[in-house]
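**Student:** Please find one structure pasted underneath; my questions will follow.
The values are calculated or read from the model by the stated rules, or taken from the named source; none is laboratory data. All of these numbers come straight from a predicted model, not from anything done at the bench. Cβ placement follows ideal geometry from the backbone for every residue including glycine, while neighbour counts extend to all protein chains displayed. For accessibility, only protein heavy atoms count, side chains too; no ligands or nucleic acids. Shrake-Rupley method; radii C 1.70, N 1.55, O 1.52, S 1.80 Å.
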Amino acid sequence: AIETVEDFLRHKEDVASAFDMITLNVGGESFVTSRRTLCLCPFFDNLLAGYTNHGKVPASKFSRLEPIFLDRNPKFFAILLDYLRSGCDRKVLKLHISLLPDELISYFKDDMSNFYELNA
């Protein structure tokens, strides 16, 4: 419950930051989504909080003006983003996986678990 003006202002800032637009450059393709959507994925939740498996990331590394660059497969990222936007509905993920060529399924699953920290 919001009890003070300070609580209200902090809550207002938290809500506003959840819907911040974030631009990503994934393998040369541009994607725009909200912080809230990305934070459903452990990798992005940690990254946007300033942490990676290599330690703390300085806040200066992230700018609202510059996209976050990921040297990953943009087609796989599009599937991940659709999955996150669905509220992590496993049916959405299974549908996308069923449409991938057989030879790409293991690469996709490896990317999801080893890079994005999700079980595909």
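**Student:** Find the residue count for segment 63-74, including only residues that are surrounded by fewer than 15 Cβ atoms within 10 Å (Cβ to Cβ) and modelled with pLDDT of 95 or more.
**Tutor:** 1
**Student:** Which residue pairs have Cβ atoms closer than 7 Å, lie 6 or more positions apart in sequence or on different chains, and pair a first residue in segment 32-49 that is of a type in the set (K, R) with a second residue that is open to solvent by less than 30 Å² (accessible area, probe 1.4 Å)?
**Tutor:** R35/A18; R35/D20; R35/I22; R36/A18
**Student:** Do any residues in segment 90-115 that are touching a residue at least 24 places away in the same chain (Cβ under 8 Å) have Cβ atoms under 6 Å from those of residues that are in a helix (DSSP H, G or I) and surrounded by 12 or more Cβ atoms within 10 Å (Cβ to Cβ), where the two are at least six apart or on different chains, and which pairs are they?
**Tutor:** Close Cβ pairs (under 6 Å, with a partner that is in a helix (DSSP H, G or I) and surrounded by 12 or more Cβ atoms within 10 Å (Cβ to Cβ)) amount to L93/Y83; F108/F76; D111/F76.
**Student:** Find the residue count for segment 75-115, including only residues that are open to solvent by 100 Å² or more (accessible area, probe 1.4 Å) and in contact with a strand residue (DSSP E or B) (Cβ under 8 Å, 6 or more places away or on another chain).
**Tutor:** 1
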